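Here is the structure we will look at.
The values are calculated or read from the model by the stated rules, or taken from the named source; none is laboratory data. Because the structure is a prediction, the values reported are computed rather than measured. Cβ: placed from backbone, ideal geometry, glycine included. Neighbour counts: every protein chain shown.
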Amino acid sequence: MHGAGSSGWLLVALCAATGAYCLLRMRSAVEEQRRTAGGEALMGFGMAVMAVPAAVVTPPRWAWAVHTAVFGAAALRALWGARTGGHHLHHLVGACAMAYMALVMARGGHTGVPVLTGVLLVYFTGYVLWTGSRLIPVTAAGRPGGAAAVGWGDRLELARACRLSMGIGMLAMLLGV
């Protein structure tokens, strides 16, 4: 978080681009995809804000409290959605990780709980490896209507690529805690 120079800006660009694509995915005709994309857009933009290099702007401490509140609320929403299982459990872990990192930054940064940070690093490393292994393109065969019926915002492999990039971003941010 608040990485150095070019690596910080690369993380900002990656997370902002991912958040922007997730906003576009919210136009899907499938309600569950819209809801998931909304949570992922929030994560992407939140990570982009958190990754802005400290040499450019150092947010006041109250900004981290706002960040903590936003991701605490996102965690509660994901917890509510997790009763049905699915991807909501990952959103719950991600929102809790973002709230945790915002709390660490509010206390001055680099004072995280080593055990909690380690558990989150193990989780996101496993998530990145698992998601990366699933990036094999999904063919349109077997989908009703073939490839023409699937809009670019509904393509599963693009959604997985976004999740992979956010997982990598989360790993980079956790390493800075």
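Scanning region 59-71 for residues that are touching a residue at least 24 places away in the same chain (Cβ under 8 Å) and surrounded by fewer than 16 Cβ atoms within 10 Å (Cβ to Cβ) gives R61, A65. When A73, A41 are checked against the criterion of being within 16 Å of the chain's Cα centre (by Cα), assigned to a helix (DSSP H, G or I) and more than 21 Å from Y127 (Cα to Cα), A73 stands alone in meeting it. Residues that are crowded, with 17+ Cβ neighbours inside 10 Å, within 21 Å of M105 (Cβ to Cβ) and among the polar types (S, T, N, Q) do not occur anywhere in region 36-43.
For A75, indicate whether it is of a type outside the set (D, E) and touching a Leu at 6+ places or on another chain (Cβ under 9 Å). Yes, satisfied.
Looking across region 114-134, the residues that are in a helix (DSSP H, G or I), touching a residue at least 12 places away in the same chain (Cβ under 8 Å) and either in contact with a Leu (Cβ under 8 Å, 6 or more places away or on another chain) or not hydrophobic (A, V, I, L, M, F, W, C) (or both) come down to T117, L120, L121, Y123, F124, T125, Y127, V128, T131, G132.
For E31, the requirement of being among the charged types (D, E, K, R) and either within 11 Å of the chain's Cα centre (by Cα) or crowded, with 20+ Cβ neighbours inside 10 Å (or both) is not met. Against the test of being over 23 Å from V115 (Cβ atoms) and not in a helix (DSSP H, G or I), the options A48, A55 yield a single qualifying residue, A55. Looking across region 1-13, not a single residue is at pLDDT 90 or above and more than 10 Å from A51 (Cα to Cα). Within region 1-28, how many residues are surrounded by 14 or more Cβ atoms within 10 Å (Cβ to Cβ) and not hydrophobic (A, V, I, L, M, F, W, C)? Number of matching residues: 8.
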